[in-house]
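Written below as structure tokens is the structure these notes are about.
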Amino acid sequence: MKLTYLGHAAALLESAKETFILDPFLTGNPKASIKADQVKATYVLITHGHGDHVGDAVSISKRTGAPIITTFELGNWLAAQGAKTVPMNHGGWAKFPFGRVKFTFAIHSSSTTEDGGRPLYLGDPAGVVLETEGKTIYHAGDTALFSDMRLIAEDTPLDLALLPIGDYYTMGPKDASRAVEFLQPKNVVPIHYGTFPVIDSDPQEFAKLAQGKGAKVHVLRPGGTLDF
Ligand code: NI
Ligand code: MN
């Protein structure tokens, strides 16, 4: 399984058969390592409705035919824009030809202001667990720290966790290092930092704080890859 960090919270996951793109914010992302029209994906996954996560999902879905797997209200909103969607909700597994997907709790919000500047609420934010070809990947989305992260790892041990460390909107390095204790993943990649000045936190500080907690921390540059 190969992960490519695309910058901000965007990631590409390539298995033998499929290519998943998660939170594909590329257009307007100063750290994006690829352009939206270069993306080859067979599935799109989105954690919540903020623009820095939905990003280019609709155009990628329309161009490639990849369905968007996401939360219920967000999925319906994207379906109304012409995307093929699988609108799920928190806590239940959905089976797919590649494996299965579950949306988890996240402490955050989920809205857009694209409809005339007034916030349009798009259901509850989520993290997502993806199981495919014998590997389990957790993308935490945007979230504060919560101790029930333990339940995610109890349900299915994690090979890889993508955790936000940018502070301000999400966990910072210290809370994210506590998340590593709760989640016990084999590998961790910090995300959602350095894209904009307010989230300029230090991934090396996170790596240091997470040391000795049982996970391998991989600080990837946008475009950087991890085989796991
Ligand atoms: Ni957000
Ligand atoms: Mn965000």
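The values are calculated or read from the model by the stated rules, or taken from the named source; none is laboratory data. Here the structure is a predicted model, which is why all the values come from computation and not from measurement. Here the Cβ is made from the backbone with ideal geometry for all residues, glycine too, and neighbour counts use every protein chain on show. Remember, those area values only see protein heavy atoms, side chains included, never the ligands or the DNA or RNA. Shrake-Rupley method; radii C 1.70, N 1.55, O 1.52, S 1.80 Å.
All but one of (1) at negative phi; (2) touching a helix residue (DSSP H, G or I) at 6+ places or on another chain (Cβ under 6 Å) hold for GLY123; which doesn't?
(1)
What pairs can you find where one residue is in segment 37-51 and more than 22 Å from TYR138 (Cβ to Cβ) and at pLDDT 95 or above, the other is outside any loop (DSSP other than H, G, I, E, B) and among the charged types (D, E, K, R), and their Cβ atoms are less than 8 Å apart, with a gap of 6+ or different chains?
Pairs found: ASP37/ARG63.
So, of the residues in segment 48-89 that are aliphatic (A, V, I, L, M) and assigned to a strand (DSSP E or B), which turns out to be surrounded by the fewest Cβ atoms within 10 Å (Cβ to Cβ)? Steps first, answer last, please.
Within segment 48-89, the subset aliphatic (A, V, I, L, M) is 54, 57-58, 60, 66, 68-69, 74, 78-80, 83, 86, 88.
Still in the list and also assigned to a strand (DSSP E or B): 68-69, 86, 88.
On the way: ILE68: 25, ILE69: 22, VAL86: 16, MET88: 20.
Taking the candidates together, the pick is VAL86.
Between GLY224, GLY172, GLY212, which is away from ligand 2 (no atom under 16 Å from the Cβ), of a type in the set (Gly, Ala, Ser) and closer than 21 Å to HIS53 by Cα?
GLY224
Is segment 72-91 home to any residue that is more than 16 Å from ligand 1 (Cβ to nearest atom), in contact (Cβ under 8 Å) with a residue 40 or more places away in the chain, more than 26 Å from THR170 (Cα to Cα) and among the small types (Gly, Ala, Ser)?
no
Which pairs do you get when a residue that is under 19 Å from HIS50 (Cα atoms), found in segment 9-35, comes within reach of a residue that is among the hydroxyl-bearing types (Ser, Thr, Tyr) and within 16 Å of ligand 1 (Cβ to nearest atom), reach meaning Cβ atoms under 8 angstrom, with the pair 6+ apart or on two chains?
Matching pairs, first to second residue: ALA9/THR47; LEU22/THR47; ASP23/THR47; ASN29/THR195; PRO30/THR195; LYS31/THR195.
Being under 23 Å from ALA179 (Cα atoms) and open to solvent by 60 Å² or more (accessible area, probe 1.4 Å) is the filter here; which residues of segment 107-118 pass it?
Of all residues in segment 107-118, those under 23 Å from ALA179 (Cα atoms) come to 107-110.
Correct list: ILE107 only.
Restricting the first residue to segment 184-198 and requiring it to be more than 14 Å from LEU226 (Cα to Cα), which pairs with a second residue that is within 11 Å of ligand 2 (Cβ to nearest atom) and open to solvent by less than 10 Å² (accessible area, probe 1.4 Å) meet a Cβ separation below 6 Å and a spacing of at least six or different chains?
Pairs that qualify, where the first residue is more than 14 Å from LEU226 (Cα to Cα) and the partner is within 11 Å of ligand 2 (Cβ to nearest atom) and open to solvent by less than 10 Å² (accessible area, probe 1.4 Å), are HIS192/ALA9; HIS192/PRO164; HIS192/GLY166; TYR193/GLY166; TYR193/ILE199; THR195/HIS8.
Go through segment 119-140 residue by residue and tally those that are among the acidic types (Asp, Glu) and open to solvent by 60 Å² or more (accessible area, probe 1.4 Å). Working first, answer last.
Initial filter on segment 119-140 (among the acidic types (Asp, Glu)): 124, 131, 133.
Still in the running and open to solvent by 60 Å² or more (accessible area, probe 1.4 Å): 124, 133.
So the count comes out to 2.
How about segment 3-25: which of its residues are open to solvent by 10 Å² or more (accessible area, probe 1.4 Å), away from ligand 1 (no atom under 16 Å from the Cβ) and under 15 Å from the mean Cα position of the chain (by Cα)? Talk me through it step by step, then tell me what you get.
Going residue by residue through segment 3-25, those that are open to solvent by 10 Å² or more (accessible area, probe 1.4 Å) are 4, 12, 14-19, 25.
Pick out the ones that are also away from ligand 1 (no atom under 16 Å from the Cβ) and you get 4, 12, 14-19.
Answer for segment 3-25, where residues must be open to solvent by 10 Å² or more (accessible area, probe 1.4 Å), away from ligand 1 (no atom under 16 Å from the Cβ) and under 15 Å from the mean Cα position of the chain (by Cα): THR4, LEU12, GLU14, THR19.
Among (1) within 26 Å of SER147 (Cβ to Cβ); (2) in contact with a helix residue (DSSP H, G or I) (Cβ under 7 Å, 6 or more places away or on another chain), there is one condition HIS108 misses while meeting the rest; what is its number?
Going through (1) within 26 Å of SER147 (Cβ to Cβ); (2) in contact with a helix residue (DSSP H, G or I) (Cβ under 7 Å, 6 or more places away or on another chain) one by one, HIS108 breaks only (2).
Go through segment 141-228 and tell me which helices (runs of 4 or more DSSP H), entirely inside it, have 3 or more residues that are buried (at least 16 other Cβ atoms within 10 Å of the Cβ) and of a type in the set (Gly, Ala, Ser). Don't jump to the end; show me each part of the working.
Numbers: elements: 149-155, 173-183, 203-210.
By residue number, 173-183.
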